[in-house]
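**Student:** Sending over a structure as structure tokens; questions will come in a sec.
The values are calculated or read from the model by the stated rules, or taken from the named source; none is laboratory data. None of the values given here were measured: they were computed from a predicted structure. Heads up, the Cβs are rebuilt from the backbone with ideal geometry, glycines too, and the neighbour counts pull from every protein chain shown. All accessible areas refer to the heavy atoms of the entire protein, side chains included, with ligands and DNA or RNA removed. Shrake-Rupley method; radii C 1.70, N 1.55, O 1.52, S 1.80 Å.
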Amino acid sequence: MTAATPQHTGPGPDQVRKAPPGPPVAAPRRAGPAGARRSLLRALPVSPAVVLLLLFLAGPIAYCVVIAFTDLQLTGQAESSFVGLENFRRAFRDEAFLNAVWLTLVFTVLSSLIGQNTLGLALASLMQRASKPVRTLTGGIVVTAWVLPEVVAGFLLYAFFRREGTLNAILDWLHLPSQNWLFTLPILAVSFANVWRGTAFSMLVYSAALNEIPKEVTEAAEVDGASGWRRMWHITLPMIRRSIGTNLMLNTLQTLSVFGLIWVMTRGGPSGKSQTLPLFMYEQAFQNSLIGYGTAVALLLLLIGSLFSVVYLRLLRTEV
């Protein structure tokens, strides 16, 4: 007997199907004249804005950088000469400049970081719970102060704080001591004026941020028995952290450049007690005719604003 030969049940070599070929791999395109032309066409819509920024922003800044290293004056000088870092060394030796830096920081902290930011958040929180007529009336009053021109707002606050002004009339009616606020406490008076004028922006920013908080979150916190302050500290503030950072950055940069409001109310006086860096820069450049020195002060002010911006941007970059 012969052994049975095992039968091969699998497909034979000729029966194996080959996998269909995949799609052809496209060769990487090389940027040719057509690609460069498309990139140029895409850049055309933004080119007018770029030209305007270079012409009216980057150009003056570059020119100011050049002037800051010269002894350029408005009068009594035939031509300017390069003096290097002398204008900057002179600034840090000038007690009036150091006083202006200190008052600028005080004015910024009081009116922007504390005043506008805190009051704007408080108004936005209260308006979330108020009725519609109250929200409309309050928002209209606050926004009206914001849209007023800076010079007009300065005259209004000057009339409020002057010796025969509205504030002293109210204090006299209440039989309280009055004083010349623009003479005794000028930096506090102009700080209050900036708070009154600029709080509307913070209120609008925080109102939009608070509207984005889900109601389920706050309602769950109320059910758990969290008080209003605990809800504000542990829920509201962390959820609007980015809006707080953005608002602080924009308010700080705006406050650092305030000129007309202080100039109308006190002109930096008395004896420099309310002279911030913008007023000191104006005095040196246009009243003392020291364009080079005044421009160096302007660059230092720009540097201070840039440092504030870097700090805020780093805080915004970190996660909760």
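**Student:** How many residues does the stretch 172-191 contain that are surrounded by fewer than 18 Cβ atoms within 10 Å (Cβ to Cβ) and within 32 Å of the chain's Cα centre (by Cα)? Spell out how you get there, then give the answer.
**Tutor:** As a first pass, look at the stretch 172-191 and keep what is surrounded by fewer than 18 Cβ atoms within 10 Å (Cβ to Cβ): 172-180, 183-185, 188.
If we keep only those that are within 32 Å of the chain's Cα centre (by Cα) as well, we get 183-185, 188.
Selection size over the stretch 172-191: 4.
**Student:** Yes or no: residue 82 farther than 30 Å from residue 205 by Cβ and open to solvent by 70 Å² or more (accessible area, probe 1.4 Å)?
**Tutor:** yes
**Student:** Moving to a separate point now. Given the conditions (1) under 18 Å from residue 285 (Cβ atoms); (2) touching a residue at least 60 places away in the same chain (Cβ under 8 Å), report the number of the one that residue 119 does not fulfil.
**Tutor:** That leaves (1) as the condition not met.
**Student:** Pairs only if they're at least six apart or on different chains, beta carbon under 6 angstrom, first in the stretch 173-198 and touching a residue at least 24 places away in the same chain (Cβ under 8 Å), second open to solvent by less than 20 Å² (accessible area, probe 1.4 Å) and of a type in the set (Ser, Thr, Tyr); list them, first residue then second.
**Tutor:** 186/274; 187/274; 190/274; 191/111; 194/111; 195/111
**Student:** Please verify whether residue 169 is touching a residue at least 12 places away in the same chain (Cβ under 8 Å), assigned to a helix (DSSP H, G or I), of a type in the set (Gly, Ala, Ser) and open to solvent by 40 Å² or more (accessible area, probe 1.4 Å), treating the condition exactly as stated.
**Tutor:** No.
**Student:** Counting just the residues of the stretch 46-79 that are surrounded by 11 or more Cβ atoms within 10 Å (Cβ to Cβ) and of a type in the set (S, T, N, Q), which one comes out nearest to residue 272 (Cα to Cα)?
**Tutor:** Filtering the stretch 46-79 for residues that are surrounded by 11 or more Cβ atoms within 10 Å (Cβ to Cβ) and of a type in the set (S, T, N, Q), the one nearest to residue 272 (Cα to Cα) comes out as 73.
**Student:** To continue, here is another question. Do we have any residue at all in the stretch 87-106 that's open to solvent by less than 70 Å² (accessible area, probe 1.4 Å), within 24 Å of residue 291 (Cα to Cα) and in contact with a strand residue (DSSP E or B) (Cβ under 9 Å, 6 or more places away or on another chain)?
**Tutor:** Checked against the condition, which is being open to solvent by less than 70 Å² (accessible area, probe 1.4 Å), within 24 Å of residue 291 (Cα to Cα) and in contact with a strand residue (DSSP E or B) (Cβ under 9 Å, 6 or more places away or on another chain), the stretch 87-106 yields at least one hit.
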